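Below is one structure, written out as structure tokens; comments come after it.
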Amino acid sequence: MATHAQGGPLARLLVLAVLHVNFIALGLEPDFLYPLENVTIAQGRDAMFTCVVNNLGGYRVAWIKADTKAILAIHEHVITNNARLSVTHNDYNTWTLNIRGVKREDRGQYMCQVNTDPMKMQTAFLEVVIPPDIIYEETSGDMMVPEGGSAKLVCKARGYPPPKIVWRREDGGDIISRGGPQGKTKVTSLEGEIVNLTKVTRSEMGAYLCIAANGVPPSVSKRIMLHVHFHPLVQVPNQLVGAPTGTDVTLQCHVEASPKAINYWTRENGEMIISNDKYQMTEINSSAYSVQMRLVIRNIQRSDLGGYKCISKNSIGDAEGNIRLYEMELPNRKRDDDDRDYSIEETNDVRSSLQGPLREGGPRDEDAGFLGGGGPATGAAPALTVSATFLITTLALATC
């Protein structure tokens, strides 16, 4: 056993030689069992090529970089000075070339070769892909333009295959293109490294996303903020506001401005209003450039009536809106007064209707008095006089 151990390498060579002679005698030559497969790998990951050879005998397997003709390894011995390369053998018929941490320069044609005469070989291609990466020094940053001006957005990226650039608005709005052969067009996405925006309006203000993708994950993007500057614009929904005294009322103004404006309220005489128990001022953002101003006036008194101004100022200009506050009666109070008036009128009507029968209905007081009844009612004397005269005249005519 010791002699066998000491002669191990020699014995192995003898076995290989015998096998080689036997393969030649039998007419068996090395043959590739499977084709060498192409490999596509992302930069930085590990790649491998597997070569399966039957009937190798005493021949050798070599790995060669075909495009540079550089010998990489023979059998399990790496020849090239590259620590990232290694070859493994399963002691039967499979040889594997391993490339750790693939780099772009590793891309190319690889050959598994057997030193027969003529030589036998098979090749495969190593494709090294690189995820996209934004080239920040060549890509636009946040920018500011006046309303009506132009903006040029640029985005560049590297990677392999070369990345495709797509633009979108972060808020999902349209990208507006003007001046092209089709005139004004609106699209939700735009392809290309450059986006030209002309006659920019405030509605185009916002974040634009430059997205680079080449099929190799992950995709990357950069956010570019477009600021559109314009002087303030104030809109007043209700310029005339009525409220009863003793109640609370809210005055509102809508303001659009960029850059952000300073907003405040004053009385019509120029007196600035500050927040306290009487006044409460709030602002609600509607968009990147619009805000709703609100002024709540509590427990309105007659001294609170009159004009109010909402004022907005930024570095470009200023604007104001005017609101007039007047006193208004509560609807329920008015109904109470109407009801009271109606009751008075109804009472008068009832009294009138009740007075009629006292003068005109039933047996009349004057007749009762003439026939011996109770004394005549007050104010019935004229009626009695007429009745007596009528009876005397009748009797006289009858006598004649």
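The values are calculated or read from the model by the stated rules, or taken from the named source; none is laboratory data. All values reported here derive from a predicted model rather than from experimental measurement. Ideal geometry is used to build each Cβ from the backbone, glycine not excepted, and the neighbour counts take in all protein chains shown.
Name every residue in region 208-243 that is more than 30 Å from THR40 (Cα to Cα) and touching a helix residue (DSSP H, G or I) at 6+ places or on another chain (Cβ under 8 Å), in order of residue number.
Within region 208-243, LEU226, VAL228, PHE230 qualify.
Does region 165-175 contain at least one residue that is touching a residue at least 40 places away in the same chain (Cβ under 8 Å) and assigned to a loop (DSSP other than H, G, I, E, B)?
yes
Look at region 177-205 and say how many of its residues are free of Cβ contacts under 8 Å to residues at least 60 places away in the same chain, buried (at least 17 other Cβ atoms within 10 Å of the Cβ) and among the aliphatic types (A, V, I, L, M).
Number of matching residues: 4.
Condition check: exposed (fewer than 15 other Cβ atoms within 10 Å of the Cβ) and not assigned by TED's automatic domain parsing to the domain that holds GLY192. Does ASP106 satisfy that?
no
Could you please let me know if LEU209 is assigned by TED's automatic domain parsing to the domain that holds SER140 and either within 20 Å of VAL291 (Cα to Cα) or among the hydrophobic types (A, V, I, L, M, F, W, C) (or both)?
So LEU209 fits the description; yes.
Is there a residue being over 23 Å from VAL195 (Cβ atoms) and either aromatic (Phe, Trp, Tyr) or surrounded by 13 or more Cβ atoms within 10 Å (Cβ to Cβ) (or both) anywhere in region 138-155?
Scanning region 138-155 turns up no residue that is over 23 Å from VAL195 (Cβ atoms) and either aromatic (Phe, Trp, Tyr) or surrounded by 13 or more Cβ atoms within 10 Å (Cβ to Cβ) (or both).
Within region 255-293, can you find the residues that are under 24 Å from ARG202 (Cβ atoms), assigned to a strand (DSSP E or B), in contact (Cβ under 8 Å) with a residue 24 or more places away in the chain and not hydrophobic (A, V, I, L, M, F, W, C)?
The answer is GLU256, SER258, ASN263, TYR264, SER290, GLN292.
Based on what the data block shows, is ASN269 modelled with pLDDT under 95 and more than 30 Å from the chain's Cα centre (by Cα)?
yes
Based on this model, can you work out whether ARG202 counts as more than 22 Å from the chain's Cα centre (by Cα) and of a type in the set (Lys, Arg)?
no
Please enumerate the residues belonging to region 72-89 that are exposed (fewer than 14 other Cβ atoms within 10 Å of the Cβ) and assigned to a strand (DSSP E or B).
Of everything in region 72-89, those that are exposed (fewer than 14 other Cβ atoms within 10 Å of the Cβ) and assigned to a strand (DSSP E or B) turn out to be HIS77, THR88, HIS89.
Pick out the one residue from GLU37, GLU29 that is surrounded by fewer than 12 Cβ atoms within 10 Å (Cβ to Cβ) and at pLDDT 80 or above.
None of the other options fit; the residue is GLU37.
Tell me which residues, restricted to region 47-71, are modelled with pLDDT of 90 or more, touching a Phe, Trp or Tyr at 6+ places or on another chain (Cβ under 8 Å) and assigned to a loop (DSSP other than H, G, I, E, B).
ASN55, ALA66 - these are the residues of region 47-71 that are modelled with pLDDT of 90 or more, touching a Phe, Trp or Tyr at 6+ places or on another chain (Cβ under 8 Å) and assigned to a loop (DSSP other than H, G, I, E, B).
Would you tally the residues in region 255-283 being surrounded by 14 or more Cβ atoms within 10 Å (Cβ to Cβ) and closer than 15 Å to TYR308 by Cβ?
Residues that pass the stated criteria total 10.
Count, please, the residues in region 118-161 that happen to be in a loop (DSSP other than H, G, I, E, B) and in contact with a Pro (Cβ under 6 Å, 6 or more places away or on another chain).
Residues in region 118-161 being in a loop (DSSP other than H, G, I, E, B) and in contact with a Pro (Cβ under 6 Å, 6 or more places away or on another chain): 0 in total.
Which of the residues belonging to region 149-173 are among the charged types (D, E, K, R) and modelled with pLDDT of 95 or more?
LYS152, LYS156, ARG158, LYS164, ARG168, ARG169, GLU170
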